[in-house]
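One structure is given here, and the rest of the page talks about it.
The values are calculated or read from the model by the stated rules, or taken from the named source; none is laboratory data. Not measured: the values here are computed from a predicted model. Glycine also receives a Cβ, built like all others from the backbone with ideal geometry; neighbour counts cover every protein chain displayed. Calculation scope for accessible area: heavy atoms of the full protein, side chains included, ligands and nucleic acids excluded. Shrake-Rupley method; radii C 1.70, N 1.55, O 1.52, S 1.80 Å.
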Amino acid sequence: MKIHIKNGRLIDPASGTDALTDIYIAAGKILALAQSPDQAPANFTAARTIDAKGLVVCPGLVDLSVRLREPGYEYKATLESEMAAAMAGGVTSLVCPPDTDPVLDEPGLVEMLKFRARGLNQAHVYPLGALTVGLKGEVLTEMAELTESGCIGFSQAEVPIVNTGVLARAMEYACTFGLTIWLRAQDLWLGKGGVAASGAVASRLGLSGVPAAAETVALHTIFELMRATGTRVHLCRVSSAAGLALVAQAKKEGLPLSCDVGVHHVHLADVDIGYFDPQLRLVPPVRGVHDREAILAALDDGTIDAICSDHTPVDDDEKLLPFDEASPGATGLEVLLPLALKWGRERKRSLSEVVAKLTAAPAAVLCQGQAQPAGERAAAGRLAVGGSADICIFDQEESWTIEPRALRSQGKNSPFLGYEVQGRVKATLVAGHVAYEA
């Protein structure tokens with residue numbers, strides 16, 4: 001279908017564009033970007049015209065952590081429900097961790113997931129393969145075969161590897177094939193049994209704590225092994241001030257490193273737990289105000305590359321339990337954009353800077369290790385002539401209230417339920433077809 005998006009403010013941080021620009025789409029690709037009538041393609045007759053006057057048009061958002069809950073956890077969410085949530089959130093490319101049931105440790109499972117996702121014709125799904133068989137931290141998976149089946153990196157999800165010898169071998173293997181390891185830094189023993197960040201709030205509430213040292217000890221191990229092996233690593237959801245200081249130092253040293261933060265951690269601190277609010281039961285736990293301020297500073301200076309939703313839909317019954325028994329996680333796909341815009345307003349960042357943290361920056365992580373990434377992955381996070389027409393159109397001023405009935409995700413739990421936010425997706429296009437309209 002030929003589509004003409006007109007009168008929109010096009011923001012594409014990858015190309016440095018921020019201007020009123022019309023987009024002409026044909027056969028799923030961007031045919032032209034026109035800032036004046038004379039730049040429009042000749043003899044173009046649109047089958048559909050979308051008037052984006054007063055709206056922002058940007059590349060489809062790229063989300064580095066989305067649990068789709070299939071296979072194995074369909075009672076928490078289904079592929080259909082979470083892909084619908086992705087479309088409502090403007091997310092056209094997403095990375096899913098391997099902690100499904102069964103674990104994504106065999107090529108057939110990865111191929112099945114990608115086949116199911118393609119059948120829905122919505123967001124592009126990029127699976128992370130399991131680093132070890134069954135995520136048990138003992139036997140390495142066949143990373144080369146998993147890469148051929150569609151994995152873009154390898155992860156242990158939330159399961160730390162206890163045996164550093166196994167982690168070292170995994171990193172050596174990955175480096176040999178130019179693969180990226182995605183790790184969340186947490187020492188198993190220091191973090192075992194903890195449900196809240198160690199500190200005055202956890203002590204007052206009588207909750208078992210996870211010290212910042214659980215993150216920093218793991219980071220020291222990861223960085224030493226990176227120095228020894230040369231492996232490229234993406235750090236998932238760094239949460240502490242001490243951890244971010246180590247990340248900044250490692251980046252300055254020149255280690256091949258990137259990192260993200262969950263959008264909930266950009267705004268929340270342990271004081272928000274209040275009287276045991278299970279909606280605040282997250283992994284990693286929200287830490288002190290000092291840590292949140294460090295996260296904000298790290299976003300400002302580039303220590304943190306990207307903001308992700310850390311979308312983890314949870315069954316309602318699992319959030320009705322006491323705080324220390326409730327399942328960790330929160331829906332994030334549909335609140336990623338408005339919460340990122342809130343960060344931008346509060347920190348006085350330009351709209352282009354906010355959009356960059358959701359598009360160009362995570363897309364760069366997605367393409368790590370590939371000088372010329374192929375196909376749809378190469379087009380993620382940017383709008384260029386000849387590239388796939390993956391587009392998000394949003395109203396940065398529209399206010400709405402985060403409440404269960406407003407969410408398309410099967411997981412209705414969020415620390416921000418009842419909050420009024422600004423910024424709403426009006427339309428999402430994937431490969432040139434309109435996959436969502438408000």
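Structure notes:
- HN-Hα J in Hz across region 423-436 - Karplus 6.51, -1.76, 1.60, θ = phi - 60°, x for Gly and Pro: x, 9, 6, 9, 7, 10, 10, 10, 6, x, 10, 6, 8, 7
- Charge tally in the Cβ shell below 9 Å around Leu280, where Lys, Arg are +1 and Asp, Glu are -1, Leu280 excluded: -2
- Charging the Cβ of each Asp and Glu at -1 and of each Lys and Arg at +1, and nothing else, the dipole of region 330-410 about its Cα centre rounds to 280 debye.
- A simple packing score, the average count of other Cβ atoms within 10 Å per residue, orders the peptides 60-69, 151-160 as 60-69, 151-160, with the highest score first.
- Accessible surface of Met87 - all protein chains present, 1.4 Å probe, nearest 10 Å²: 0 Å²
- Where chymotrypsin sites (Phe, Trp or Tyr not before Pro) fall in DSSP loop in region 1-106, at most 16 other Cβ within 10 Å: Phe44, Tyr75
- Summing +1 for each Lys or Arg and -1 for each Asp or Glu among the other residues whose beta-carbon sits under 12 angstrom from that of Ile222 gives 0.
- The residue among Ala170, Ile25, Tyr419 whose Cα reaches farthest toward the positive pole of the charge dipole of the chain, with charges on the beta-carbon of Lys, Arg, Asp and Glu, is Ile25.
- Size of charge dipole - region 191-329 - debye, nearest 20, with Cβ of Lys, Arg +1 and Asp, Glu -1, no other charges: 520 debye
- Accessible surface, per residue, of the chain when the full set of protein chains is kept, probe 1.4 Å, Å²: 38 Å²
- Area accessible to solvent at Val201, 1.4 Å probe radius, in Å²: 20 Å²
- Paramagnetic reach from Arg116 in region 68-86 [backbone N under 14 Å; point 7 Å along Cα→Cβ]: 68-84
- Translational diffusion of region 107-266 was estimated from the Stokes-Einstein equation, with Rh taken as the Kirkwood radius over Cα pairs; at 20 °C and 1.002 mPa s the coefficient is 127 µm²/s.
- In this view, the solvent-accessible surface of Glu106, computed with a 1.4 Å probe and all protein chains in place, comes to about 110 Å².
- Among Asp277, Asp317, Asp260: highest mean-square fluctuation, GNM of the chain, C-alpha pairs under 10 Å: Asp317
- Karplus 3J(HN,Hα) series, Hz, for region 349-366 with 6.51 cos²θ - 1.76 cosθ + 1.60 (x for Gly, Pro): 8, 5, 4, 4, 5, 5, 4, 4, 5, 10, 10, 4, 5, x, 5, 5, 5, 4
- For Met1 and His220, the difference between the fully extended length at 0.36 nm per residue and the C-alpha to C-alpha distance is 73.6 nm.
- Amide H contacts under 5 Å for Thr17: Asp12, restricted to partners 5 or more places along the chain or on a different chain, H placed in the peptide plane at 1.01 Å from N.
- When the residues Arg118, Arg169 are ordered by accessible surface, computed with a 1.4 Å probe over the protein chains alone, the sequence from largest down reads Arg118, Arg169.
- When the C-alpha to C-alpha distance is required to be over 25 Å, the pairs from Lys342/Lys412; Lys29/Lys76; Lys29/Lys53 that qualify are Lys29/Lys76.
- Here's how it looks for Val103: its modeled amide H is under 5 Å from none belonging to a residue 5 or more places away or on a different chain.
- Applying 0.36 nm per residue to the separation of Lys251 and Ser350 and subtracting their alpha-carbon distance, the gain on full extension is 33.2 nm.
- For Trp182, the residues 5 or more places off, or on other chains, whose built amide H falls under 5 Å of its own are Phe154, Ser155, His234.
- Charge dipole of the chain about the Cα centre (unit charges at C-beta), most positive-ward option of Pro256, Gly72, Ile273: Pro256
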